[in-house]
Amino acid sequence: MNEMQLFSQPMQIIQTKMELTQCNRMTERYGLTLSDQQMEQIALRRIDALQATGRVEFGESVIRKLIYAFCDSPYIRQAEYADTLAELLDLFHYFKGECMEQLTDDELIEGMRLVFDEAASGSLSFLANLDREIMEEVAQTGSLEGTPLEDGEIDWGDIDG
Amino acid sequence: MISMDEIIVKTGQQGIEPPLSPEEQLLLQQQLLSLLARQTAHYTAGESSSVPVETAERLLRSICFTLHIHPESDSGEYRALLGQDMGVLLARGIEQLQQKLADGQALWTALVTHLPPVTNIALRDTLQSIGTFWGRYDLRFLAQEIPCDIDYQLARPVPETLQGVDYVNRYLQHLAIESDFLCRFRKEALVPLLRAYCPDYNGLLINLYEPAAANAVGLALLGESPEMLDIAPEVRGELEELFAHQTKQEIRETLAAGARQLADMLAIQSPMAREYLRGCTEDLAPRIATARDHGGLSGIFLSARK
């Protein structure tokens with residue numbers, strides 16, 4: 001895809017939808033697909049997420065990587081797939097900035113997946129409220145060991161799951 | 001492959017180009033943004049799909065600095081860029097920066113190995129900090145930035161419009177002129193003068209060239225040797241008479257003549273150094289015009305020895 005096409009919003013939406021269409025072919029084996037309307041909403045959410053976090057994205061969006069990383073999570077169901085994806089997108093860009101650009105895309109996505117599955121039991125609120133230092137440590141080590149998440153030290157009662 | 005400068009010069013030689021049309025401006029901006037996308041990918045080593053807007057802006061400013069272009073300009077001289085491979089032009093620009101960096105480092109090395117007989121803390125700290133610039137300067141991604149501390153104030157400051165290695169190199173050129181001038185006088189002449197100018201000339205942020213140049217020009221105007229840099233009260237009286245009834249323009253012209261005489265006396269041959277001395281000296285004109293009517297010129301032409 002020519003990078004120049006990214007620099008108008010309509011073209012960004014078209015490009016994102018094309019990426020999501022390609023992802024559908026892969027995720028349908030897990031029972032996850034997005035409708036055309038849902039793709040449009042996620043494409044707009046991508047633009048909003050970038051603006052809200054003061055970021056700019058060139059080239060391919062991170063959405064594909066997020067989908068590939070989370071599509072086989074036991075906590076993602078078709079009914080909430082679009083909303084979950086949109087939320088993960090917001091959280092990705094949030095943590096990317098909060099962790100002061102110290103994490104690569106791959107590190108952060110793997111860290112988010114690890115927390116989502118093994119500490120949060122699929123709770124996006126848990127992920128959203130996670131201290132950025134803990135996220136950074138998990139992402140950089142690839143493990144919950146040595147963090148408050150290891151033995152469930154974080155009080156679930158405080159989190160609105 | 002032709003370089004940016006050659007493109008611009010060639011365009012200029014072909015005559016004045018009409019400004020870019022809105023469509024051409026858009027095309028040029030798209031070329032720049034495409035280059036920015038590639039630079040960002042290199043900057044993140046492909047490990048981040050996004051960067052903060054501020055980072056993208058810095059990277060874009062670096063591109064524009066390296067290519068010598070203003071992204072919002074509609075100057076017709078940029079028409080020759082349309083359709084060019086901007087990546088190749090950028091690479092050429094980076095090569096030019098590498099040469100400038102080498103030139104600057106050579107100048108800095110010459111400066112630090114031939115310091116004037118008097119310095120001050122700000123000058124030494126600034127030279128030390130500039131010494132780190134050569135290794136810290138990111139000519140590939142952040143070429144407009146100046147990663148060092150420049151505290152020592154020059155007699156003739158470098159224009160703030162200069163950026164990156166251009167700023168540092170111009171600063172060093174000016175500093176070299178000042179240092180060369182000071183090296184023409186003995187420490188025994190400079191120290192009393194500087195103490196008269198500022199008792200703590202070593203610790204405070206003052207320029208060492210200005211008081212030396214002022215006194216030396218004053219002496220040259222009277223046909224006296226500038227060697228000891230001292231202007232006794234009675235000698236200053238002669239200068240006060242010289243300027244007593246002159247207009248500001250006449251004072252400026254007198255000072256310029258004095259600068260020329262001094263440059264000849266000291267065998268300063270560099271046109272840039274002579275111009276620097278002239279400009280610095282002429283800057284005294286407004287102060288002389290004011291001071292002569294309010295107590296005299298003792299604050300400009302200093303008596304170093306009591």
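I'd like the distance between the alpha-carbon centres of the stretch B:81-116 and the stretch B:220-288, rounded to an integer number of Å. One Cα centre to the other: 37 Å. Across peptide B:41-53, the average count of Cβ atoms from other chains found within 10 Å of a residue's Cβ is 6.
The lysine pair count for the protein assembly as shown, using Cα distances under 28 Å and pairs eight or more places apart or on different chains, is 5. Taking the fewest neighbouring Cβ atoms within 10 Å as the starting point, the ordered list for B:Tyr167, B:Tyr209, A:Tyr68 is A:Tyr68, B:Tyr167, B:Tyr209. Exposed loop sites, defined as GluC sites (Glu not before Pro) outside DSSP H, G, I, E and B with at most 12 other Cβ atoms within 10 Å, are absent from the longest region of chain A, namely A:1-144. The mean sequence separation of alpha-carbon pairs under 8 Å and at least six residues apart, normalised by the residue count of chain A, gives a relative contact order of 19 percent.
Of the residues B:Ala106, B:Ala263, B:Ala189, the one that moves most in a GNM of chain B with alpha-carbon contacts below 10 Å is B:Ala106. By the count of neighbouring beta-carbon atoms within 10 Å, fewest first, B:Val158, B:Val88 end up ordered B:Val88, B:Val158. The mean number of Cβ atoms from other chains found within 10 Å of a Cβ in peptide A:86-98 is 1, as a whole number.
Inter-chain neighbour count for A:45-58: the average number of beta-carbon atoms from partner chains within 10 Å of each residue's beta-carbon is 4. By other beta-carbon atoms within 10 Å, ranking B:His68, B:His294, A:His93, B:His42 with the fewest at the front produces B:His294, B:His42, B:His68, A:His93.
Roughly how many Å is it from the Cα centre of the stretch A:35-59 to that of the stretch B:142-169, as a whole number? Computed from Cα coordinates, the inter-centre distance equals 40 Å.
Computed from the coordinates by the stated procedures, all read-outs in this text should not be read as laboratory data. Nothing here was measured: the structure is a model prediction, and the numbers come from that model. Virtual Cβ from ideal backbone geometry, glycine too; neighbours counted across all protein chains shown.
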